[in-house]
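Okay, structure first, notes after.
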Amino acid sequence: MSTFSAPRGTYDLLPPESADFLAVREAISAPLRRAGYGYVETPGFEHVELFARGVGESTDIVTKEMYTLTTKGGDELALRPEGTASVLRAALQANLHRGALPVKLWYSGSYYRYERPQAGRYRHFSQVGAEALGAEDPALDAELVILAADAYRALGLRQVRLLLNSLGDAECRPVYRAALQDFLRALDLDEDTRARIEINPLRVLDDKRESVRAQLTDAPLMRDHLCEGCKSYHEQVRELLLAAGVEFEDDPRLVRGLDYYTRTTFEFVHDGLGSQSAVGGGGRYDGLAEMIGGPALPSVGWALGVDRTVLALRAEGVELPRADATEVFAVPVGEDARRTLFHTVTELRRQGVAADFAYGGKGLKNAMKSANRSGAALALVLGERDLAERVAQLKDLATGEQVAVPLENLTTEVLAKLNRPTAR
């Protein structure tokens, strides 16, 4: 009989490695919660048109990478390839934009893209993201960048670099677009790339092929075409980041891979990850709400890759602290002892102690092996003779020291040994 395996390009998270993913999610979300961002969760699939309009019909995500399906009722759906469009759709549907602005939201979840699997690039991947909806303010852009930078710092990463750029707005982007199109039309490009020049020429600047990048050396830059309003806005973002001690590199060629960005655009990269160096990024998307049928709602946000952040930690040799899965392991011998220690384990858990139990009727020798493998600091051993004497053996698994403790004081003694408050 054959066994199943995870689909190509996906992965399973299992202990103990899964603890790193949980720690990364917590480290990224903690600064957001302190800054007033509320949690939002959206469906794993949406209408195809949401992403076609929002992400951009010319993007690789929409044209090549989305997982799409047709329901029995005829609806065209797609597994979500990114989070921003879904979060904005949810906020608009719930009329959050009619209340106090900005609406500040964060999310965590799985996303799906049909890509060629390689290290750091999967068909199923995990992100933590944040969106601030409804305000055009350089301080909001800077806030989000700082929160992301603080999260990486809290994790112990030291080799993450921040790239920063401005993509202009509806006033200055058309002038730059025309100049870029004129330049690109003169290059030796394939038919698909030439089609992109007419739809969204900035997408060509994001092309990773060396044959294309070699021809882009003298391409016009957005920074040379910014209007005075965008120049001032971008300079304010830069000043706020510098004042907060956040280092960055101005990258005039940074465009990111999605069509909805305007003005502030940024990316966090880690040079220890090879070709898949981006660990997160984002920017301002002032026109996205209108693209998906909503009112004008200037917004900014980012998404940080959990998978790639874990890879970055490993590349730097950073080991995240892991709390022992088990602090106390109970070893009963005999049915009466099992009932007594099971009650004790339940009580310890209710007091906040990580406690486990020798299940399956193991003998004393095998049960003690399980106790040692669990990583527990203490073992509670209770046999028939102990039960008759109304005591249990409390054993320090590191030193081997063992003392008899009265059953009626067992929970209190364990808490004292672990330096925990007295039982409630």
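The values are calculated or read from the model by the stated rules, or taken from the named source; none is laboratory data. If you're wondering where the values come from, they're calculated on a predicted model, not measured in any experiment. Virtual Cβ from ideal backbone geometry, glycine too; neighbours counted across all protein chains shown. Side chains are part of the model used for accessible areas, which takes the heavy atoms of the whole protein and leaves out ligands, DNA and RNA. Shrake-Rupley method; radii C 1.70, N 1.55, O 1.52, S 1.80 Å.
For this structure, a couple of remarks:
- The set of residues in segment 200-221 being touching a residue at least 40 places away in the same chain (Cβ under 8 Å) and either over 28 Å from Ala52 (Cβ atoms) or touching a Leu at 6+ places or on another chain (Cβ under 6 Å) (or both) consists of Pro220 alone.
- Restricted to helices (runs of 4 or more DSSP H) entirely inside segment 305-424, those with at least 2 residues that are within 30 Å of Tyr112 (Cα to Cα) and under 37 Å from the mean Cα position of the chain (by Cα) are 306-316.
- Any chance Ala376 is in contact (Cβ under 8 Å) with a residue 12 or more places away in the chain, aliphatic (A, V, I, L, M) and closer than 26 Å to Ser18 by Cα: yes
- Helices (runs of 4 or more DSSP H) fully within segment 165-232 counting 3 or more residues that are closer than 26 Å to Phe268 by Cβ: 173-185, 202-205, 210-213
- Among the residues of segment 1-18, those identified as hydrophobic (A, V, I, L, M, F, W, C) and open to solvent by less than 100 Å² (accessible area, probe 1.4 Å) are Ala6, Leu13.
- Residue within segment 208-224 that is closer than 28 Å to Ser86 by Cβ and either at pLDDT 95 or above or open to solvent by 10 Å² or more (accessible area, probe 1.4 Å) (or both) present: yes
- Selection within segment 233-260: residues that are basic (Lys, Arg) and assigned to a loop (DSSP other than H, G, I, E, B). The member of this set that is farthest from Phe183 (Cα to Cα) is Arg256.
- Total residues in segment 161-188, condition over 30 Å from Arg308 (Cα atoms) and open to solvent by 20 Å² or more (accessible area, probe 1.4 Å): 16
- Residues in segment 261-288 that are within 22 Å of Ala52 (Cα to Cα), in contact with a Ser or Thr (Cβ under 7 Å, 6 or more places away or on another chain) and not in a strand (DSSP E or B): Tyr285, Asp286, Gly287, Leu288.
- Scope segment 225-255; condition open to solvent by 50 Å² or more (accessible area, probe 1.4 Å), among the acidic types (Asp, Glu) and touching a residue at least 12 places away in the same chain (Cβ under 8 Å); matching residues: Glu247, Glu249, Asp250
- Cross-chain or 6+ apart pairs with Cβ under 7 Å, segment 157-176 first and more than 30 Å from Ala315 (Cβ to Cβ) and assigned by the TED database to the domain that holds Leu147, then charged (D, E, K, R) and open to solvent by less than 10 Å² (accessible area, probe 1.4 Å): none
- Check on Ser126, among the hydroxyl-bearing types (Ser, Thr, Tyr) and open to solvent by 30 Å² or more (accessible area, probe 1.4 Å): no
- Test: Asp307 is open to solvent by less than 30 Å² (accessible area, probe 1.4 Å) and among the charged types (D, E, K, R): yes
- Flag for Glu171 being closer than 16 Å to Cys227 by Cα and of a type outside the set (Val, Ile, Thr): yes
- Pairs, first in contact (Cβ under 8 Å) with a residue 40 or more places away in the chain and closer than 12 Å to Ala85 by Cα in segment 289-316, second open to solvent by 50 Å² or more (accessible area, probe 1.4 Å) and assigned to a helix (DSSP H, G or I), C-beta under 6 Å, six or more apart: Met291/Arg53; Ile292/Arg53
- Residues considered: Ala149, Ala91. Of these, the only one that is open to solvent by 10 Å² or more (accessible area, probe 1.4 Å), in contact with a helix residue (DSSP H, G or I) (Cβ under 9 Å, 6 or more places away or on another chain), part of a helix (DSSP H, G or I) and assigned by the TED database to the domain that holds Ile28 is Ala149.
- With a requirement of 3 or more residues that are surrounded by fewer than 19 Cβ atoms within 10 Å (Cβ to Cβ), the strands (runs of 3 or more DSSP E) lying completely within segment 19-84 that satisfy it span 68-70.
- Test: residue in segment 332-352 that is of a type in the set (S, T, N, Q), in the same structural domain as Leu88 (by the TED database), over 25 Å from Leu92 (Cα atoms) and surrounded by fewer than 20 Cβ atoms within 10 Å (Cβ to Cβ): no
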